[in-house]
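Working notes, structure below.
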Amino acid sequence: MAHIVFYEKPGCGGNARQKIMLTEAGHTLDVRNLLAEPWTAERLLGYFGSLPVPRWFNMAAPRVKSGEVQPAHLGADEALALMLHEPLLIRRPLMSVTQADGCTSYMVGFETDAVAAWVGLRPAASEGPRSLEGCAAAHPSATCHSDKA
């Protein structure tokens, strides 16, 4: 089983369901506050992988829902600047797992099929809702970056 660093918005019901699903599958979690983390653009990009910029965003964030922030009209640099200033805009959860070989893989969002393929879930969980994100439709990204020099 995997040890997953799990960035959440504290008190989020969707994140609570996701954590239960992961722990029931036997994974251990290092739960961290996504909103209090000192993010950098480089760190966030590791989670987003090759996803298009709009899929980086929490579509339920008030400024996105109101139309004030329009992810489809943003470039990567502008999107990252907004997220660094207002972490509530970051899609969640952000998750990472470091393998024994030093390779760290990253995922944004929680689509059950993708999470099951990434770290494994109990069969009943994989047959449940396709997305356990409390907000937007899920489009996960799992990428591997070696932490070895």
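The values are calculated or read from the model by the stated rules, or taken from the named source; none is laboratory data. Here the structure is a predicted model, which is why all the values come from computation and not from measurement. For neighbour counting, all protein chains shown are included, and Cβ atoms are generated from backbone atoms with ideal geometry for every residue, glycine included. Quick note on the areas: whole protein, heavy atoms, side chains included, nothing else; ligands and nucleic acids left out. Shrake-Rupley method; radii C 1.70, N 1.55, O 1.52, S 1.80 Å.
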State which residue pairs qualify: first residue among the β-branched types (Val, Ile, Thr) and inside region 56-67, second residue buried (at least 16 other Cβ atoms within 10 Å of the Cβ) and at pLDDT 95 or above in any location, beta carbons under 8 Å apart, and separation of 6 or more residues or different chains.
64/57; 64/58; 64/71; 64/89
Among the residues that make up region 112-121, is at least one of them hydroxyl-bearing (Ser, Thr, Tyr), assigned to a helix (DSSP H, G or I), more than 12 Å from the chain's Cα centre (by Cα) and under 16 Å from residue 6 (Cα atoms)?
yes
What single numbered condition from (1) of a type in the set (A, V, I, L, M, F, W, C); (2) assigned to a helix (DSSP H, G or I); (3) within 16 Å of the chain's Cα centre (by Cα) fails to hold for residue 95?
(2)
Would a scan of region 12-32 turn up a residue that is within 14 Å of the chain's Cα centre (by Cα), touching a residue at least 12 places away in the same chain (Cβ under 8 Å), surrounded by 15 or more Cβ atoms within 10 Å (Cβ to Cβ) and assigned to a loop (DSSP other than H, G, I, E, B)?
yes
Of the listed residues (50, 66), the one being under 14 Å from the mean Cα position of the chain (by Cα) and exposed (fewer than 12 other Cβ atoms within 10 Å of the Cβ) is 50
One residue is enough: does region 94-102 have a residue meeting the conditions among the hydroxyl-bearing types (Ser, Thr, Tyr), open to solvent by 20 Å² or more (accessible area, probe 1.4 Å) and at pLDDT 95 or above?
no
Members of region 53-63 found to be out of contact with any Cys (no Cβ under 8 Å at 6 or more places or on another chain) and open to solvent by 30 Å² or more (accessible area, probe 1.4 Å), listed by number:
54, 55, 62, 63
Just to be sure, is residue 4 in contact (Cβ under 8 Å) with a residue 24 or more places away in the chain, closer than 17 Å to residue 109 by Cα and out of contact with any Phe, Trp or Tyr (no Cβ under 9 Å at 6 or more places or on another chain)?
yes
